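See structure below.
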Amino acid sequence: MLQLSAAGKHFGPRVLFEGANWLIGPGERTALVGANGAGKSTLLKVLAGMESLDSGRLERMRGASIGYLPQDGLALRGRSVFEECLTVFQGLRGMERELETLSGRLAELDPETEEYAAAADRYSSLDAHFRSQGGYALDAQVGAVLSGLGFRKEDWPRRTEEFSGGWQMRIALAKLLLAKPSLLLLDEPTNHLDLETRNWLEEYLRGYPNGYILISHDRYFLDVTVKKIVEIWNKSLHVYHGGYQRYLEQKEERRTQLAAAYKNQREHIERLEAFISRFRYQATKARQVQSRIKELEKIERIEIPPEEQAIHFSFPPPAPSGRMVVEAAGLGKNYGGMPVLSEVNFTIERGDRVALVGVNGAGKSTLIRMLAGLEPVSAGGLRTGHNVSVEHFAQDQYKVLDGEARMLDDISAAAPGVATVELRSLLGCFLFSGDDVFKRLGVLSGGERNRYALARILVSPANFLLLDEPTNHLDLRAKDVLLGALSAYAGTVVMVSHDRYFLDRLATRIFEVEGGHVHVYPGNYEDYMRRKQGVPETGPAGDSTGGLNGAAPSPASTWPEHAPPAEGAARVRRLNPIKRRQLEDRLAFLEEEIPRLEAEIATTGQAMAVYISAEESQRLIALLEDLHRRQGAFTAEWEGLALEMERQAAN
């Protein structure tokens, strides 16, 4: 449908890509990836015909239609949501009006006349075409797409200008999906979607009859929706077949091959230069020297672009909290007499990583604000445990920053023990490099300030983190830094995120906020989806029962023991790579935690040998009992997980 030939594009003096060749055929299902600033969005605009090339050419197949969705900036007004979506069917609606006109004429004309016969023939052919194009199901098509994208039926007659920017982008996406162009170009289509809507879009794209090219920072979304990756790297386009995970593997192989070719070329060049230098002034070697000079000039030098340095940031260890971090009993929240949450019961314990899921407006952000103490409780109780310190990251976190403070000064004040070079590396990972770190926070955009606010939390965390959409405005590299830091974090986390990969790798429990209640599921998001679909669970996520509005399981019961399979049981289900990695991470944590508990038990036992007071002795006895209980639970859990790993290895 489209073909780029020797294409080049500059951004000022900087070359984004040059000599690029790309044949885009029918049914293309491709992701466009690359570092920030590499030119992904620019290339998508070139394909959409919104920007021109500086060199080369773009050819389009006659009759091919292209639909383009930018990251943001669209504003629709003047119609209802439903009417706006129907505008993509102007041709069919014109046929519908003509059919109505013909129907009226046929009712008035004499059936014996030639005029009647001509009108009847026209009506018959037009009706057949209208029916084949789905003309009689337009309203149903629009309703299905709007519902899938999260619009309630009562939203359909509302004016488009009443909706926020994120919902405006959903309307624009709905129009593109309904139009079904030959090629969809989607720039960050999941940015404004919650998890449920993202899942719907994933399924829709799987069944989409035509091709699409998309940019996304959601790894899981890319893995399940595309069959090819095109990367802008080293000013060229590189094609990889398969999903995102396969792309990472192939990219590493290609990088290794390029490094080997570069090394071989450098050795060859050095040999030529050494020969030229040695025999340059010997007349008997003049011909050989000239031959090697010409060979040297013809060599097309291999360039290896500078590597993006991997940033592995670790949280400074927070002060430990008590075993129980927060407990909700009969919790309720009303706004203007309307209940948002009612009769909510759960317990969050130290080390839990809880993901709140549910449709937009279900009350996830409200619950997080209640846990942070920013929203009063309307009913029931919310009890915080011993020595719990809370850090809250909101979607509009930038509003609490000091606009007059310089970025580097502000983050240095928040982390006095961290070296400036390490802070600058962290800020670089969150897309602040060079002189950006000396900017005042007030001049940054909302998205930039939110990115900075998240980086600031990483350097001085409390022991209880409440994160509301922390992955918004982050690219894949920044998400990896955040994921790595949270994976190694010793405290407790409650989070809202629409990034499936992030939740699959991090969450140990899922709290589903639905219908004013909170339903508790052990395991990560994949386990939650499996239980919702009624698939029985075997393996490390635990049994197939999830608590409903009841006391949450302890950390040990989140990863229950694994008894040997009963005689005649089905073969063990193999784990996907994400689940296997999570199991390995948990094993590694237990292998560090069990010896630590044993050392703490020994220290506490020694302290009990020295009498200080009756109260202190009672405290030490209670502490020793708790340590023994936790050691036993962790040991049993470790044995179960180790057994599961052995089964997987043998399977």
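The values are calculated or read from the model by the stated rules, or taken from the named source; none is laboratory data. Remember, it's a predicted structure, so these values are computed and weren't measured experimentally. Note: ideal-geometry Cβ built from the backbone for every residue, glycine included; neighbour counts use all protein chains shown.
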- Message: Could you tell me how many of the residues in region 29-48 are assigned to a loop (DSSP other than H, G, I, E, B) and modelled with pLDDT of 90 or more?
- Response: 0
- Query: Which one is farthest from GLY363 (Cα to Cα), of the residues in region 506-521 that are surrounded by fewer than 24 Cβ atoms within 10 Å (Cβ to Cβ) and of a type outside the set (A, V, I, L, M, F, W, C)?
  - Reply: THR508
- Pick from region 425-445 the residues that are under 26 Å from the mean Cα position of the chain (by Cα) and loosely packed, with under 15 Cβ neighbours inside 10 Å: which of them is nearest to THR471 (Cα to Cα)? SER445
- Qualifying residue in region 523-530 (condition: among the charged types (D, E, K, R), surrounded by fewer than 23 Cβ atoms within 10 Å (Cβ to Cβ) and at pLDDT 90 or above): no
- Item | Lone qualifier among ALA137, ALA119 - being touching a Lys or Arg at 6+ places or on another chain (Cβ under 6 Å) and assigned to a helix (DSSP H, G or I) | ALA119
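Which of the residues that make up region 334-345 are in a strand (DSSP E or B) and surrounded by fewer than 22 Cβ atoms within 10 Å (Cβ to Cβ)? Reasoning before the result, please.
Step one: list which residues in region 334-345 are in a strand (DSSP E or B), which gives 334-335, 338-345.
Within region 334-345, ASN334, TYR335, MET338, PRO339, VAL340, SER342, GLU343, ASN345 meet the criteria.
Residues checked against (1) of a type in the set (Val, Ile, Thr); (2) within 18 Å of GLN133 (Cβ to Cβ); (3) surrounded by 12 or more Cβ atoms within 10 Å (Cβ to Cβ):
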| position | (1), (2), (3) |
| --- | --- |
| LEU53 | no, no, yes |
| GLU59 | no, no, no |
| GLY67 | no, yes, yes |
| GLU83 | no, no, yes |
| ARG97 | no, yes, no |
| LEU102 | no, yes, yes |
- Item | Within region 100-132, tally of residues that are more than 29 Å from ILE171 (Cα to Cα), in contact (Cβ under 8 Å) with a residue 12 or more places away in the chain and of a type outside the set (Ser, Thr, Tyr) | 8
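Got a number for residues in region 74-116 being part of a helix (DSSP H, G or I) and in contact with a Pro (Cβ under 6 Å, 6 or more places away or on another chain)?
Going residue by residue through region 74-116, those that are part of a helix (DSSP H, G or I) are 81-108, 114-116.
Now narrow it down to the ones that are in contact with a Pro (Cβ under 6 Å, 6 or more places away or on another chain): none.
Within region 74-116, residues that are part of a helix (DSSP H, G or I) and in contact with a Pro (Cβ under 6 Å, 6 or more places away or on another chain) number 0.
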- Of LEU201, LEU183, LEU193, LEU222, which residue is touching a strand residue (DSSP E or B) at 6+ places or on another chain (Cβ under 6 Å), under 20 Å from ASN472 (Cα atoms) and either crowded, with 20+ Cβ neighbours inside 10 Å or at pLDDT 90 or above (or both)? LEU222
- Limited to region 396-418, what total is found for residues that are assigned to a loop (DSSP other than H, G, I, E, B) and surrounded by 14 or more Cβ atoms within 10 Å (Cβ to Cβ)? 4
- Message: Of all residues being modelled with pLDDT of 85 or more and surrounded by 15 or more Cβ atoms within 10 Å (Cβ to Cβ) in region 108-119, which is nearest to MET95 (Cα to Cα)? Just the residue, please.
- Response: ALA119
- Here the residues within region 249-274 that are touching a helix residue (DSSP H, G or I) at 6+ places or on another chain (Cβ under 9 Å) and either modelled with pLDDT under 85 or among the β-branched types (Val, Ile, Thr) (or both) are ILE269
